[in-house]
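First comes the structure, then the notes that go with it.
Values quoted throughout were computed directly from the atomic coordinates according to the rules given, and no laboratory measurement underlies them. Computed from a prediction, not measured in an experiment: that's the story for all the values here. Cβ sites come from the backbone with ideal geometry, for glycine too, and all protein chains shown count toward neighbours.
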Amino acid sequence: MPLHPGMARPTPALHVAWTSERILNAVAVADDGQRFVSFPYWGGGGSGGPTVAEIDANGQPHAFPDARWNHPDGTRGMLQPFVRVNAIRIGSDGLLWVVDSGDANVGGPPNPANGAPARLLAFDITTGQVVHALSLRAASTPHSYMDDIRFHNDTIFVTDAGDPALVVVNLSTGAQRRVLAHDRSTTDKRPMHAEGRLLTVHGQPARIHADQLEVSPDGRTLYFQPSSGPMWSAPTAALENPVLPAAGLARAVTRFYNTPSSGGTAIDGDGNLYVSDVNRLRILRITPQGRASTLVRDRRLVWADAMWIDSHGVLWIPAVQLNRTATFQPDGISRVQLPVAIYTMDLHLKPVR
């Protein structure tokens, strides 16, 4: 039946793109179709196989860039194996960027002074060669947990989920600054809920500070939030200005939307944000004007994490069940129901590149 004016278009169905017997937390798809996933060490995802993998045409994961990088051996160095991968992202440069949080303890004792620092690693997706290797030690504190990244020209924005702040890195010079440290916009100040339950660690409310972030298609605005929300926005020009006083930068930050507890986000070429709601098992679409609607709600979307929009306008949604892992269970027993899955929705979105 043809659509008539005023009729709502049906929501495209969720399709299972890939399943895994290990916990994963992110997917990135190159314009040529190469698919990459990351398996974090929390929840046991980093054991029993590679922590960064490319998925071949037959659906099999292969260590990326090679087995050595994915085999921790206790050595520490900028070009030594991954320590604790937390995020992957294909940048506008076509490189696969990896956030390795190093020897970090989220919400626990201070990070070891001589431990592996957080680092940003960028790989050529064809050759596997390292193109960039940046230590974040200079911008880290004893309680830092470097979480995720986004890009704007030569600037890399990094969220610190352990000691609330944003880190601004100039790729050309290597200079890095902590901004909005312990600001209301980067600090988790309210309880997180997932599947109707308060999220706790060792009997205390879980705290995940600055986590998700997105850059608007025109590059003028950075959106960011703690996992518990709300979402805030700030001009990238203000964030990138090294002489702007901290108070002036704080005044430039505005509350964008009262987002729920969230595991991941994405943004399309029209500036619409896609935000997972881990409590109500849905994906919200929020316009640049701050108007929200439910894109999809499905009981399979248990902790939708770092999403991706590919060059064909398909939304990729990893549903990773983070809240069911042993860390967040009062009795320390995992309730994860394997396999976890990556779903897709063919929305014909305009990607950001």
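Can you give the net charge of the other residues whose Cβ lies under 10 Å from the Cβ of ASP147, counting K and R as +1 and D and E as -1? Display every interim value, and only then the final one.
Values: positive: none; negative: ASP148, ASP160, ASP211.
Residues close to ASP147 contribute a combined charge of -3.
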What would the Debye equation give as log₁₀ I(q)/I(0) for the chain at q = 0.09 Å⁻¹, counting only Cα atoms as equal point scatterers?
-0.44
Whole number please: convex hull volume per residue, Cα atoms of the range 281-353, in Å³.
114
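Could you line up LEU244, LEU347 from fewest to most neighbouring Cβ atoms inside 10 Å? Spell out each step's value before the answer.
Working: LEU244 16, LEU347 19.
Listed from fewest to most nearby Cβ atoms, that is LEU244, LEU347.
Full-extension gain between ASP73 and HIS182, please, as 0.36 nm times their residue separation minus the C-alpha to C-alpha distance.
Details: separation 109, 0.36 × 109 = 39.24 nm, distance 3.48 nm.
The span from ASP73 to HIS182 would gain 35.8 nm if fully extended.
Compute, for the range 15-346, the length of the dipole vector about the Cα centre, with Cβ point charges of +1 (Lys, Arg) and -1 (Asp, Glu) only. Units Debye, rounded to 20.
Values: 28 positive and 31 negative charges, 234 e Å.
Using only the charged Cβ atoms, the result is roughly 1120 debye.
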Per 0.36 nm of contour for each residue apart, how much would the distance between GLN329 and ALA57 grow if the chain were fully extended, relative to their Cα-Cα spacing?
94.3 nm
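Stokes-Einstein D for the range 43-129 at 4 °C, 1.567 mPa s, Kirkwood Rh over Cα pairs, in µm²/s? The partial results should precede the final answer.
Working: Rh = 13.9 Å.
D = 94 µm²/s.
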Percentage relative contact order, the chain, counting C-alpha pairs under 8 Å, at least six apart:
14
Checking VAL243, VAL85, VAL336 against a Gaussian network model of the chain (alpha-carbon springs below 10 Å), the top fluctuating residue turns out to be VAL243
Quick one: divide the alpha-carbon radius of gyration of the range 225-276 by 2.2 N^0.38 Å and tell me what you get.
1.30
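If you keep only loop residues by DSSP, which trypsin sites (Lys or Arg not before Pro) in the range 205-256 have at most 16 other Cβ atoms within 10 Å of their Cβ? Intermediate values should be presented prior to the final figure.
Working: sites: ARG207, ARG220, ARG251, ARG255; in loops: ARG207, ARG220.
Filter output for the range 205-256: ARG220.
Sum up the charges of everything whose Cβ sits under 12 Å from the Cβ of GLY128, counting Lys and Arg as +1 and Asp and Glu as -1, but leave GLY128 out.
On the way: positive: ARG68; negative: GLU54, ASP66, ASP124.
Cβ neighbours under 12 Å give a net charge of -2.
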If the chain between VAL201 and THR126 were fully extended at 0.36 nm per residue, the gain over the current Cα-Cα distance would be 23.0 nm
Charge context of ALA13, other residues only, Cβ under 11 angstrom, K/R +1, D/E -1:
-2
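For n ≥ 4 DSSP H runs only, could you compute -39500 (n - 2.57) per run for the chain, divide by its residues and tell me the 222 nm figure to the nearest 500?
Working: 2 runs with 11 residues, N = 353.
Dividing the helical sum by the residues of the chain leaves -500 deg cm²/dmol.
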Checking the range 167-196 for trypsin sites (Lys or Arg not before Pro) in a loop per DSSP with at most 12 other beta-carbon atoms within 10 Å yields LYS189
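If I take every Cα pair under 8 Å that is 6 or more residues apart in the range 84-167, average their sequence separation and divide by the length, what percent do I get for the relative contact order?
Numbers: 186 pairs, mean separation 21.6, N = 84.
Worked out over the range 84-167, it gives 26 percent.
Report, to two decimal places, the Cα Rg of the range 131-230 normalised by 2.2 N^0.38 Å (N = number of residues).
Numbers: Rg = 14.4 Å, N = 100, 2.2 N^0.38 = 12.7 Å.
Compactness ratio reported: 1.14.
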